[in-house]
Amino acid sequence: LSKDERDAYISLLERRMQHEPLQYIIGKWDFHFLTGLKIKKPMLCPRPETEELVELVLAEVGNLLRDWKEKRKMRILDVGCGTGAIGIAIANKYPAAVQVVALDVLPEAVDLSNDNAEQFLSRYSAHGDSKLGVKSIYEAMLCSATHFTNNTTNTSRDLSKKKYKMNFDIVVSNPPYIPLKDMIDLSSDVVEYESYEALCGGVDGLNVIR
């Protein structure tokens with residue numbers, strides 16, 4: 001190894017010795033059939049359990065498509081998209097049949113999700129509106145679940161002006177669900193690096209679900 005390569009390698013080892021997740025150190029991770037999904041701090045690192053959630057949703061999508069008579073794509077809402085792993089994995093399986101809209105409150109999560117969508121779904125653009133490109137298959141937007149509404153009484157000036165297309169057929173989410181009292185028990189590679197807001201679901205873990 002050259003000196004630069006050796007120094008870079010030592011730097012990576014030092015980061016891991018500080019319990020930084022491998023996903024952040026490498027900058028990407030494999031998820032479902034997505035090879036090299038981009039990962040950045042503080043978005044949650046994709047986990048095997050989340051792949052199980054994707055499989056459950058894909059099974060439901062498949063069941064619905066067998067009797068699908070609508071002259072439109074099936075619309076899926078992903079609440080709290082993070083890296084985009086869930087929604088992109090679903091769209092990757094059924095690019096011609098689904099349109100995924102993803103929400104997150106972190107601007108960096110929205111940017112990363114759309115970046116990952118371009119990486120994995122751009123080859124399917126022909127299955128959607130050519131003018132919209134990947135957005136006709138997957139689009140992440142900066143918005144909370146609470147503000148994703150067309151209710152004109154919304155107090156947020158910017159969000160209340162925007163009209164969202166609703167009528168979703170499936171809603172999927174891997175929301176913050178860890179009760180506040182359990183946060184202290186999380187390992188350091190989780191609680192010191194991954195987004196607190198994406199982990200903690202309030203006193204009983206059900207804030208977002210409500």
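Just a few scattered comments:
- In region 130-166, residue surrounded by the fewest Cβ atoms within 10 Å (Cβ to Cβ) [restricted to those that are in a helix (DSSP H, G or I) and at pLDDT below 70]: ARG157
- Residue within region 79-88 that is hydroxyl-bearing (Ser, Thr, Tyr) and either more than 23 Å from VAL134 (Cβ to Cβ) or modelled with pLDDT under 95 (or both) present: no
- Single residue of ALA117, ALA89, ALA59 found to be in a helix (DSSP H, G or I) and in contact with a Leu (Cβ under 8 Å, 6 or more places away or on another chain): ALA89
- Filtering region 27-53 to residues that are part of a helix (DSSP H, G or I), open to solvent by 70 Å² or more (accessible area, probe 1.4 Å) and at pLDDT 95 or above leaves only GLU52.
- Extreme residue, surrounded by the most Cβ atoms within 10 Å (Cβ to Cβ), among residues of region 79-90 that are over 13 Å from VAL57 (Cβ atoms) and small (Gly, Ala, Ser): GLY84
- Filter result for the condition that a residue is modelled with pLDDT of 95 or more and over 19 Å from the mean Cα position of the chain (by Cα), over LEU64, LEU56: LEU64
- Within the set LYS73, LYS69, LYS93, the sole residue that is farther than 25 Å from PRO176 by Cα and buried (at least 18 other Cβ atoms within 10 Å of the Cβ) turns out to be LYS73.
- For region 167-178, filtered to residues that are at pLDDT 90 or above and surrounded by fewer than 16 Cβ atoms within 10 Å (Cβ to Cβ), the residue that is nearest to GLY87 (Cα to Cα) is VAL171.
- Any chance LEU103 is crowded, with 22+ Cβ neighbours inside 10 Å, assigned to a strand (DSSP E or B) and of a type in the set (A, V, I, L, M): yes
- Here PRO21 passes the criteria (1) in contact with a Cys (Cβ under 6 Å, 6 or more places away or on another chain); (2) under 24 Å from LYS93 (Cα atoms) except the one numbered (2).
- Close pairs (7 angstrom Cβ cut-off, 6 or more residues apart or separate chains): without any contact (Cβ under 8 Å) to a residue 60 or more places away in the chain in region 39-67, in a helix (DSSP H, G or I) and basic (Lys, Arg) anywhere: LEU58/LYS93
The values are calculated or read from the model by the stated rules, or taken from the named source; none is laboratory data. If you're wondering where the values come from, they're calculated on a predicted model, not measured in any experiment. Cβ: placed from backbone, ideal geometry, glycine included. Neighbour counts: every protein chain shown. Surface accessibility is based on the protein's heavy atoms, side chains included, excluding ligands, DNA and RNA. Shrake-Rupley method; radii C 1.70, N 1.55, O 1.52, S 1.80 Å.
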